[in-house]
Amino acid sequence: MELKEQMKIGIVINNLISDYEKEFLNGVSKFCEENNCVPLLFPIGELNSPYFPFEYQQKIISSLITKNNVDGIIIASAILGNHVTKAEFSSYINKTFTVPKISIGIELPNIPSIIVNQKMGFESIIKDLIINHKCNDIAIMSVKGNNEDAITRMNIIKSIFKKYNIKLDKNKIMYGRFTYDGAFTAIQDYYEKNRKLNFDGIICLNDDMAFACIDFCKKQSINVPNKLKIIGFDDVALASKDTPRLTTVNQMIANQSYEGCNILLKLINGKKIKTITKINSEPRYRQSCGCISTKNNSINFINEKREDVKFSNDIQVINTPEWLTASSQFYKLHFFQSAIQVKLGLNQIAKIFRERIKDFDISSAALVIYNKPISVNKNTTTFNIPNKAFLVSSFDDKRNYHQEKEFKEFNPNEKILPIDFFTDSSQLNTVYPLYEFNLQFGYIVFTPGMMEKIIYKMMVSGLSHLIAISHEKEKTAQKNKKLTRKNKSLDKISTTDELTGLLNRRGFIKLSQEKINSIVKDNDKGIIIFGDMDGLKKINDTYGHASGDIAIKAEGEILKSCFRKTDYVSRLGGDEFAILAPNLSVTQFYKIKKEIEKKCTEWNKISNEKFSISISLGFAEFSKDKKNIKDILNEADVILYKEKQRKKSIK
């Protein structure tokens, strides 16, 4: 029996992980079930993200958003364009997507947009802070930069402060980067500088920063809300579960995405629609401002009508740092999938896909692999989907469908899948690209189950890694004879430092130069780090060379633990170490430098040795125009010398 063609709505989002996206998809799911539409998710990642060097690969699936695959799209603009200007984001959207489209969260020129009226909810909780709770000395946890939400919220604060004659003290504006860690550091720095929190309230521009302020207050035994009242913005899931529960603003995200789908349907059907639709935000008064007693566990929040809204069931209080730490750890795991070291052919991968993918509570899935991997660099503006790909394996348990013939050839430019796969309006079908570093291998289409969304991202990452290894295995087989001869030659050369087990000078120079030559061919970059242990001669002279050896081995272990498995860590000799770190940014280097200092301090505390260890580090970047290993080491040595001099000057 032939199935009736259903309207397919594409959902362009970031990564499926955040509370914002969960609420966003709740609205989409509700609309699609009510209107018998099929949602198809495209997590393209944030544009120009500075945090993850290869996240740009995700946007490649934008090439699959065509009239052949979807009737129209709604775009979660509020979370996709934080690292580009509004003009750049608008340009990308208009050039990339030619189907009918709706923007959610940001007003874009010539695109029907759903935006939230942030003023309604935010103004209410700030007025409550001033009028009902008598706060007149208020600090702000803000963010630097041109983020549109941050600017809007700061303007609301300034307007209310002016109206109620509240002084906006620039010295009491802290900057937390919209993150828990950033805000915790900001309020800690303020406290250390002033030796107290000299205000009676804190307005935070989002909930994560509010949680950080609350936790810092707990650490300093400052009672919230009795001594200090704190409010946030977003009403994430944790806001109703933390202690104290957070007063905040609900942006009605599900309502925004629901209305976005509704307007998109009208647009597709040629009906007249508004250019801008506003959804009012709503206040959520809870315990952190004092509206609800911290002893009351039955009331979730007080709404804009000052009505008590109770919990439907007994709540479970969750410790904020544990919640956020666990979430952060899960997310970090996604970037360490290279730990999977199984070498399989594509036939074996197809077998694993059939047998193990269901372990992730997935009821339908399809694996597509391009005929050949495609190299994509960060500056790629358009991506041409290959004309030849293979549907490696697919199944749909609800329809009792299982692909019989593996590696079914088709043209993905004509249709996202060569089978009628999208039929259930209750399923959030998701399209994820399969990539590793700069190589695109294909994509997977699946219906996520009830697991945490980060689990599915990790699953896709692991699958991508397996395919990458399979590809590398084929290349290796073709060059096997050449590599065998080369390996015999390399075996004759001792490349290991006997004391530390790290590469020695000869091994480091040879292997690093080869690695650099390979990396720069793809216009990639990296860093060479030169390290010199502090005071090793004094340790040898005072406690003997056996103690010096202990110090060297300990420093080597610390360096190895702080860098990635793909980095080359070496001991050049004596007290000198060097590291090759491909695709490592300067910002990432300074984070690792802090981690090394921390681990050295920890070792000094627990080692029971009479001496302490530390290391000075210098670095130099390599690129296509600067790739001689010895020249780069010399440049890093100059920086190292300056670091040594700096340390001496502050002793």
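The values are calculated or read from the model by the stated rules, or taken from the named source; none is laboratory data. Being a predicted model, the structure only gives us computed values, none of them experimental. Note: ideal-geometry Cβ built from the backbone for every residue, glycine included; neighbour counts use all protein chains shown. Keep in mind that these areas ignore ligands, DNA and RNA; they rest on the heavy atoms of the full protein, side chains included. Shrake-Rupley method; radii C 1.70, N 1.55, O 1.52, S 1.80 Å.
Quick notes on this one:
- Full extension of the chain between Thr243 and Thr152 yields a length gain of 29.9 nm, computed as 0.36 nm times the residue separation minus the alpha carbon distance.
- Mean separation of Cα contacts under 8 Å, 6 or more apart, over the residue count of the stretch 95-167: relative contact order %: 24 percent
- For Phe437, the solvent-accessible surface computed with a 1.4 Å probe is close to 110 Å², ligands and nucleic acids excluded.
- Paramagnetic label zone (point 7 Å from Cα along Cα-to-C-beta, Asp361; backbone N under 17 Å) in the stretch 429-466: 429-430, 446-460
- The stretch 144-222 shape via C-alpha gyration tensor axes, a/c threshold 1.5: oblate
- The chain, accessible area per residue, ligands and nucleic acids excluded (1.4 Å, Å²): 50 Å²
- Between His83 and Lys644, the modelled labels are 3.7 nm apart [label points 7 Å from Cα along Cα→Cβ].
- Projected label distance in nm at Glu192 and Lys163, using a 7 Å step from Cα toward the beta-carbon: 3.9 nm
- Placed amide H near Ile279: partners under 5 Å, 5+ positions off or other chain: Ile115, Val116, Asn117
- Percent of beta bridges antiparallel (DSSP, the chain, rounded to nearest 5): 60 percent
- Amide proton proximity set for Ile222, modelled H, under 5 Å, gap of 5+: none
- Based on DSSP H segments of at least four residues, each scored -39500 (n - 2.57), the chain has a per-residue ellipticity at 222 nm of -12500 deg cm²/dmol.
- Take every Cα pair under 8 Å whose residues are at least 6 apart in sequence, average their separation, divide by the length of the chain, and the relative contact order is 12 percent.
- Full-extension gain in nm, Lys272 to Arg306, via 0.36 nm per residue minus C-alpha separation: 8.5 nm
- Note that the stretch 272-289 has calculated 3J(HN,Hα) couplings of 6, 9, 6, 6, 10, 10, 9, 10, 6, 6, 10, x, 10, 7, 9, 7, 5, 9 Hz, one per residue in order, obtained from phi through the Karplus relation 6.51 cos²θ - 1.76 cosθ + 1.60 (θ = phi - 60°); glycine and proline are x.
- Under 16 Å from Lys515, Cα to Cα: lysines that are on another chain or at least 8 residues apart: Lys486, Lys525, Lys565, Lys624, Lys626, Lys627, Lys630
- When each of Lys144/Lys453; Lys605/Lys647; Lys510/Lys537 is checked by Cα-Cα distance, pairs over 26 Å: Lys144/Lys453; Lys510/Lys537
- Total lysine pairs in the stretch 34-122 at Cα distances under 16 Å, for residues eight or more apart or on different chains: 4.
- At an R0 of 51 angstrom, the distance between the Cβ atoms of Tyr543 and Ser585 translates into a FRET efficiency of 0.85.
- Spatial offset of the stretch 627-651 relative to the stretch 552-597 amounts to 15 Å, using the alpha carbon center of each.
- Taking 7 Å steps out from each Cα toward its Cβ at Ser494 and Lys482 produces label points 3.1 nm apart.
- Carbon + sulfur, % of accessible area of the stretch 593-636 - ligands and nucleic acids excluded, 1.4 Å: 43 percent
- Whether the stretch 394-446 is rounded, prolate or oblate, judged on the alpha carbon gyration tensor where a/c under 1.5 counts as rounded: prolate
- Farthest toward the positive end of the dipole of the stretch 518-568, out of Ile550, Asn523, Cys562, is the Cα of Asn523, where the dipole comes from beta carbon charges about the Cα centre.
- Antiparallel content of DSSP bridges confined to the stretch 169-314, in %, to 5: 60 percent
- Residues whose amide H falls under 5 Å from that of Ile73, counting only those 5 or more places apart or on a different chain, are Gly10, Lys101, Ile102, with hydrogens built in the peptide plane.
- The chain: C-alpha gyration tensor shape, a/c 1.5 cut-off, then a/b vs b/c: oblate
- Table column - 3J(HN,Hα) (Hz), the stretch 142-158, Karplus curve with 6.51, -1.76, 1.60, x for Gly and Pro: 10, 9, 8, x, 10, 4, 5, 5, 4, 5, 4, 5, 5, 5, 5, 4, 4
- Among Arg284, Arg564, the sequence by solvent-accessible area, most first, with a 1.4 Å probe is Arg564, Arg284.
- Residue by residue, the stretch 559-565 carries 3J(HN,Hα) couplings of 4, 4, 6, 8, 9, 7, 5 Hz when phi is fed to the Karplus relation 6.51 cos²θ - 1.76 cosθ + 1.60 (θ = phi - 60°); x denotes Gly or Pro.
- Extension gain, Lys295 to Ile352: 0.36 nm times the residue separation minus the Cα-Cα distance gives 15.4 nm.
- Counting only heavy atoms of the protein chains and using a 1.4 Å probe, Met154 has close to 20 Å² of accessible surface.
- Cβ-derived FRET efficiency at R0 25 Å, Lys398 paired with Glu34, nearest 0.05: 0.80
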